[in-house]
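Trainee: The structure's right below; bear with me while I get my questions together.
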Amino acid sequence: MRKYQQLALVLISISCIAILLVYKSENNRLKYVLEVVNIFGRSDAASLIRVDNSSRYRAVPYDFDSPLPVWQRVGKDVYVYSAYWQKNDLEAGGTVVSLAVGLEHAVVNFKCQVQHGGKDVVPGKFYFIRLDNPTGSVAAPNGEVSVIYKFLCKVKRDFGHPTEVVFTDSVHAIKRYIPLRVIESKSIPQKMTITACVDLNNYLELDEEFRKPSAVLQYFLHHQIVGVDDFIVYNSNALDSLTTTTLYNHGIKINLLPYNFPFDLANKQQNRQMIELDCLMRNFNAARYTFVGAINEYVYPNSRLRSSNQFLRYANKASSDVTQFAVTSRTICIDDRKKIFSDNLLYDVEARGEKSFYIYRPQDYNRSGSQEIVKSLSIDGNTLFMHRYVEKCASKSDLYDWSTVISSDFLQYVNEVGKELNKLIFR
């Protein structure tokens, strides 16, 4: 009898320990949820957005960084950055679109093949499109002038998903293998609403104010709060591991891409042009809208970028031949005493020569690699605008308060976003 009592005591002790461990585990989970969402005490929209983003990434994994692009030499003074496979809709075969750059004197004469996992190889017909620099040809200090190309390799057969495009220099008969990103077909509901391609190519040339960890975090958090779904960062070396870890901890998904441009390029706009081309191809069949911006360029919609947003309702109704939307932009002078950039109210009326800012439709911009026919619509400044922040304005007299030219509802939303940023960054 005594043995049974001892056995019962042992079982009861084990049960108590098990219950205690379960309680401790559940208590830790509850504390974590309260720390992240922080429902009690304040209404934290940004925290709820991070939870929403995390759930969406688990449900619909978008992989923008596979395979990683990198500038690879395919011929004398000719390099390819990335390559995309677009399968024909109604017949076998398809087209590989490769983004390339070469010096002005370089000979562009290649043969191409499409390879399927090292097994089936299909010969293709090679074409190329020379893309004019929007600001004209500018020579680097050493006299070099580079040209951007689209290389097209068209095949009439295919054996499933291809893995590489093979370029053979007709002069030296050397084969170069470029990994392919396959553009998947997706229905409209499966696509993300909007993504941001972040141009950090000239990151070190920016004012120091924009390279501070708090400023980098502010950029990504701001665009997450206003509704950007995903970020594609060009020049992965610009963000250190501590910064990327901080972004991930805030529920911000970033895709880091290397950008080791092979030439000494004086014309920064040409690098931006190449990044825009890759961004549009990378977002094809993945996002309905995308934009390319630097770390000091902030997009402000008049409400979160979801189905009820005024810009999205307007853009969704626009005809399919509209490829981009021109956004009102201002150059804003920053005051070092203000922690949140949106608190800076003065803009420089005399600021000129800055590149226009667009929100693109990747699906309608890319048509089988052919020369684009660009059609643009302008967006009303009371619907959406972009602010480009600078430390020093060109003018000291023609400075105006931007908050006086937008509606009170719009200004209220901008202020709410600023308050959320204050809570998240400087709490």
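The values are calculated or read from the model by the stated rules, or taken from the named source; none is laboratory data. In this text, all values refer to a predicted model and were calculated from it rather than measured experimentally. All Cβ positions, glycine included, derive from the backbone under ideal geometry; neighbour counts span all protein chains shown. All accessible areas refer to the heavy atoms of the entire protein, side chains included, with ligands and DNA or RNA removed. Shrake-Rupley method; radii C 1.70, N 1.55, O 1.52, S 1.80 Å.
Trainee: How about the stretch 382-417: which of its residues are over 15 Å from Val349 (Cα atoms) and polar (S, T, N, Q)?
Mentor: If the condition is that a residue be over 15 Å from Val349 (Cα atoms) and polar (S, T, N, Q), then Asn382, Thr383, Ser407, Ser408, Gln412, Asn415 are the ones that fit.
Trainee: Suppose we filter the stretch 244-278 for residues that are part of a strand (DSSP E or B) and open to solvent by 10 Å² or more (accessible area, probe 1.4 Å); how many remain? Walk me through how you get there before you give the answer.
Mentor: The initial filter retains those residues of the stretch 244-278 that are part of a strand (DSSP E or B), namely 254-257.
Retained after the next criterion (residues that are open to solvent by 10 Å² or more (accessible area, probe 1.4 Å)): 256.
Counting residues in the stretch 244-278 that are part of a strand (DSSP E or B) and open to solvent by 10 Å² or more (accessible area, probe 1.4 Å) gives 1.
Trainee: Inspect all residues belonging to the stretch 74-90 and state whether any of them is more than 26 Å from the chain's Cα centre (by Cα), closer than 28 Å to Asp230 by Cα and open to solvent by 10 Å² or more (accessible area, probe 1.4 Å).
Mentor: yes
Trainee: Hey, does the stretch 287-307 have a residue that's at pLDDT below 90, among the hydroxyl-bearing types (Ser, Thr, Tyr) and in contact with a Ser or Thr (Cβ under 9 Å, 6 or more places away or on another chain)?
Mentor: Yes, that holds for at least one residue.
Trainee: Hey, could you check the stretch 77-113 for residues that are touching a residue at least 60 places away in the same chain (Cβ under 8 Å) and touching a Pro at 6+ places or on another chain (Cβ under 6 Å) and say which is nearest to Glu184 (Cα to Cα)?
Mentor: Top of the filtered list is Trp85.
Trainee: Still on this model: From the list Leu206, Leu200, pick out the single residue that is over 30 Å from Asn88 (Cα atoms) and open to solvent by less than 20 Å² (accessible area, probe 1.4 Å). Spell out how you get there, then give the answer.
Mentor: Working: Leu206 fails: open to solvent by less than 20 Å² (accessible area, probe 1.4 Å).
Exactly one of Leu206, Leu200 is over 30 Å from Asn88 (Cα atoms) and open to solvent by less than 20 Å² (accessible area, probe 1.4 Å), namely Leu200.
Trainee: What's the number of the only condition in (1) among the hydroxyl-bearing types (Ser, Thr, Tyr); (2) open to solvent by 40 Å² or more (accessible area, probe 1.4 Å); (3) more than 20 Å from Arg388 (Cα to Cα) that Ser329 fails to meet?
Mentor: (3)
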